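Note sheet for the following structure.
The values are calculated or read from the model by the stated rules, or taken from the named source; none is laboratory data. Not measured: the values here are computed from a predicted model. Cβ atoms come from the backbone with ideal geometry, glycine included; neighbour counts cover every protein chain shown. We work out accessible area using only protein heavy atoms, side chains counted, and drop any ligands, DNA or RNA first. Shrake-Rupley method; radii C 1.70, N 1.55, O 1.52, S 1.80 Å.
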Amino acid sequence: DKAGHKHFMSKEISEQPTVLGEAVRHYLSNDATQVTLPDPGLDFTKVERLTMVACGTAFYACLTAKYWFEQLAGIPVEVDVASEFRYREPPITKGTVALFVSQSGETADTLAALRYCEGKADKILSVVNVPESSIARESDLALPILAGTEIGVASTKAFTCQLTVLLMLAVKAASDRGTLSDERIQDILSGLRGLPAQINTALEAEGSLVKVARKLSEARDILFLGRGLMYPLALEGALKLKEISYIHAEAYAAGELKHGPIALIDKHVPIVVMAPRDDLFDKTVSNMQEVMARKGKVILITDANGQEEGGDGAWNTIVMPEVDPVLSPILYAIPAQLLAYHTAIAKGTDVDQPRNLAKSVTVE
Ligand code: F6R
């Protein structure tokens with residue numbers, strides 16, 4: 001049942017404020033001042049290293065979480081795609097927690113990677129949407145993302161719910177390890193509680209994204225740029241766009257541009273720049289100017305301050321509400337999803353059942 005939507009994907013995009021709110025509530029203590037985990041829980045005090053493994057969109061959720069676990073909790077993190085991890089025979093040292101992220105909980109490579117870690121890692125954790133899945137059952141601790149059934153092949157609400165649960169887990173780790181002040185922890189938790197409302201505001205940008213998407217649908221190649229927490233999101237934005245619109249899209253860390261990809265830029269190439277007005281904003285803007293100097297067409301996704309300080313010369317600017325920088329990947333996932341969705345609509349492709357793709361990849 002598409003609940004009045006044309007596609008499952010748009011229904012699932014619109015459900016995000018609700019399901020994400022439920023995920024936040026699920027992991028908050030009754031007095032809303034702490035993150036609580038289901039039994040048997042996990043104490044991060046002695047964790048020396050976190051190894052995160054997943055495929056596709058779930059892999060980008062892990063890449064985002066690397067920034068959170070390192071910056072908030074001071075835990076060194078490695079992130080790998082499951083198909084590489086499982087055959088590389090990576091050493092798993094004492095004090096390692098292995099964390100697997102999977103919407104379906106049945107992805108063959110991710111499950112094989114988990115089994116490789118059995119008996120080697122101190123603890124096996126998973127972040128899953130399907131609580132009775134193989135990956136959940138074979139973990140010491142399975143954390144549900146509570147996104148509800150996701151039918152559209154392109155993952156949307158599962159991604160933002162994965163991010164939400166991973167951020168809350170990083171906050172729990174920071175609190176166990178004493179790496180953040182209680183004030184900062186309360187800031188982040190109250191920011192998370194306010195996210196559903198912020199996402200509703202982000203969804204209101206749909207009209208302006210439809211216009212941009214019509215133009216994007218004529219492009220042959222599209223680049224996505226981001227720095228810091230916006231880099232994994234740029235990767236996710238490019239994946240979403242290519243899988244449902246079949247337009248070639250690639251993402252780069254903004255600072256990598258001059259090490260090669262800038263050679264691709266000319267007046268035919270749209271470049272989506274994800275850049276809230278955070279500490280890295282000025283750096284990203286200077287990369288954006290390099291692109292504009294080569295006639296690249298910039299679509300800047302930023303907030304009101306970013307528009308005022310860096311919006312000059314952009315082909316289009318999409319304005320997001322202001323949010324604590326630590327939460328920005330969750331919020332900025334919304335315009336990335338809507339851009340992909342409406343570009344696919346403009347191209348007339350099958351949004352819910354893109355060619356050659358399956359919802360659950362149970363063979364390697
Ligand atoms: C992209 C997408 C895929 C999945 C990947 C992993 O929109 O949905 O990239 O993220 O196949 O699937 P799960 O999360 O079920 O392990």
* Structure fact -> Extension length gain for Asn305 and Ile151 (0.36 nm per residue less Cα distance), in nm, is 51.8 nm
* Portion, in percent, of the accessible area of the chain that falls on carbon or sulfur, probe 1.4 Å -> 48 percent
* Express in whole angstrom the spacing between the alpha-carbon centres of region 256-271 and region 114-182. => 36 Å
* Structure fact -> A student applying the Cα gyration tensor rule (rounded when a/c is under 1.5; otherwise prolate if a/b is larger than b/c, oblate if not) would label region 13-53 oblate
* **Placed amide H near Glu78: partners under 5 Å, 5+ positions off or other chain** => Leu50, Thr51, Met52
* Asked: For region 115-213, rounded, prolate or oblate, judged on the Cα gyration tensor with a ≥ b ≥ c (square roots of eigenvalues), a/c < 1.5 rounded, else prolate if a/b > b/c?
  -> oblate
* Asked: With the contact rule set at Cα under 8 Å and sequence spacing of 6 or more, what percent relative contact order holds for the chain?
  -> 20 percent
* Where is the GNM fluctuation largest for the chain (alpha-carbon springs, 10 angstrom cutoff): Arg220, Arg277, Arg193? -> Arg220
* Asked: Hey, what do the phi angles of region 263-276 turn into as Karplus ³J(HN,Hα) couplings, whole Hz, using 6.51/-1.76/1.60 and θ = phi - 60°, x for Gly and Pro?
  -> 5, 7, 6, 8, 5, 8, 9, x, 10, 8, 10, 9, 8, x
* List nothing, just return the count: lysine pairs in region 223-364, 8 or more apart or interchain, with Cα separation under 20 Å. => 15
* To do: First select every other residue whose beta carbon is under 12 angstrom from the beta carbon of Cys55; then total the charges, Lys and Arg +1, Asp and Glu -1.
  => -4
* Probe 1.4 Å, all protein chains in place: accessible area of Arg88 in Å², nearest 10? -> 120 Å²
* Stretch Thr18-Ala358 to full length: gain in nm at 0.36 nm per residue minus the Cα-Cα span? -> 119.8 nm
* Structure fact -> Under a Gaussian network model of the chain whose springs join Cα atoms within less than 10 Å, the largest fluctuation of Ile75, Ile330, Ile92 belongs to Ile92
* **For region 93-106, 3J(HN,Hα) per residue [Karplus equation, 6.51 cos²θ - 1.76 cosθ + 1.60, θ = phi - 60°, Hz, x = Gly/Pro]** => 8, 3, x, 8, 9, 9, 10, 10, 10, 7, 4, 6, x, 10
* Can you give me the Cα centroid spacing of region 289-353 and region 51-79 in angstrom? -> 23 Å
* Structure fact -> The answer for Val273, listing residues at least 5 apart or on another chain whose modeled amide H is closer than 5 Å to its amide H, is Leu225, Ile299, Leu300, Ile301
* Express the relative contact order of region 49-95 as a whole percentage, based on alpha carbon pairs under 8 Å and six or more residues apart in sequence. => 47 percent
* Most mobile of Pro232, Pro325, Pro91 per a Gaussian network model of the chain (Cα springs, under 10 Å)? -> Pro91
* To do: Sum -39500 (n - 2.57) across every DSSP H segment of at least 4 residues in the chain, then divide by the residue count to get the 222 nm mean residue ellipticity, nearest 500.
  => -14500 deg cm²/dmol
* Structure fact -> Any DSSP H helix in the chain with Cα axial reach of 24 Å or more and mean Kyte-Doolittle score of at least 0.0? Listed by number, the hits are 56-73, 157-177, 328-347
* Structure fact -> Rounded to the nearest 10 Å², the accessible area of Lys172 using a 1.4 Å probe with every protein chain kept is 40 Å²
* To do: Tabulate in residue order the Karplus-calculated ³J(HN,Hα) for region 354-364, using 6.51 cos²θ - 1.76 cosθ + 1.60 with θ = phi - 60°, rounded to whole Hz; enter x for Gly and Pro.
  => x, 4, 6, 10, 10, 5, 10, 9, 9, 10, 7
* Provide Thr149, Thr93, Thr64 ordered by accessible surface of protein heavy atoms (probe 1.4 Å), highest first. => Thr149, Thr93, Thr64
